[in-house]
1. With only alpha-carbon atoms in the gyration tensor, what are the semi-axes of the equivalent ellipsoid for the chain, in Å, largest first?
2. Of the residues A108, A58, A12, which exhibits the maximal mean-square fluctuation in a Gaussian network model of the chain defined by a 10 Å Cα contact cut-off?
3. Give me the extension gain from V155 to R41: residue separation times 0.36 nm, minus the current Cα-Cα distance, reported in nm with one decimal.
4. Give me the base-10 log of I(q)/I(0) for region 111-222 at each q in 0.10 Å⁻¹, Debye formula, one uniform scatterer per Cα, rounded to two decimals.
5. Given region 29-236, what percent of its DSSP beta bridges are antiparallel, to the nearest 5?
6. Under 5 Å between amide hydrogens, which residues at least 5 positions from S170 or on another chain qualify, with H placed 1.01 Å from N in the peptide plane?
7. Show the residues, 5+ positions off or on another chain, whose built amide H is closer than 5 Å to the amide H of T134.
8. Give me V127, V201, V85, V215 sorted ascending by neighbouring Cβ count inside 10 Å, so fewest comes first.
Amino acid sequence: MSDTMPQLDETAFHPIDRAKLLEPALSSHPPRILLLYGSLRQRSFSRLLTEEAARILARFGAETRSFDPHGLPLVDDAWPDHPKVGELHELVTWCEGMVWCSPERHGAMTGVMKTQIDWIPLSLGAVRPTQGKTLAVMQVSGGSQSFNAVNQLRVLGRWMRLITIPNQSSVPKAFAEFDDADRMKPSPYYDRVVDVMEELVKFTLLTRDRTEYLVDRYSERKENAEELSKRVNQRSL
């Protein structure tokens, strides 16, 4: 059987570089994690859960920042130079991984959560701020346990080209899981949050120094070469 593959552009097809994949220079700074939550309520359980997650992440050696969605306009209701949009873009560019946590409302993530994600662009100039970064998804519910919101967040994470980790957290009857000091009570739900944050830090450490190589794709190398050839030909005319 012939191994001829006329469909392939041989100049854009690269063998796997094991050194780049397995032996990159490793960063020494703490993993940088951004946390987003999906409620504007004064006592927002999605916010309280991300605060608890941030404490756990800190114990695992990560640096965390949270975005406050108050004042973020709806998409198409403001220009991208709006201060809150700029703040979100800066944080997404800064981070190496993210935590998305939404309440479940009417069987879905909240509009507050979706608005934040919708304001995150697939590209900022030549930079793709989400591609190849890690993501953990969580949700809180007022009633019985559900996975509608985390399933939707997982789909969006894939669309944003994020490495969405396998584990996730869903906290039912969230009002019963936090004490009067707004700290999460000991429970199997808390243990699961620890599991998710531990996995997020591990995946972030594994991938952050390999991101550029992991997202280097044949189709894009081929397209970029074709665009470069077009520009060269136009200049020579």
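Each reported figure results from applying straightforward, stated rules to the coordinates on display, with no laboratory input. Since the structure is predicted, the reported quantities are computational estimates derived from the model, not experimental observations. Glycine also receives a Cβ, built like all others from the backbone with ideal geometry; neighbour counts cover every protein chain displayed.
1. Numbers: eigenvalues 280, 93, 55 Å².
After diagonalising the Cα gyration tensor, the semi-axes are 37, 22, 17 Å.
2. Among A108, A58, A12, the largest GNM mean-square fluctuation belongs to A12.
3. On the way: separation 114, 0.36 × 114 = 41.04 nm, distance 2.55 nm.
Extending this stretch completely gives an extra 38.5 nm.
4. For region 111-222 at q = 0.10 Å⁻¹, log10 I(q)/I(0) is -0.38.
5. Details: 4 of 27 bridges.
Rounded to the nearest five, the antiparallel share is 15 percent.
6. Q139
7. G97, M98, I163
8. Details: V127 10, V201 23, V85 19, V215 14.
Fewest-to-most Cβ neighbours within 10 Å comes out as V127, V215, V85, V201.
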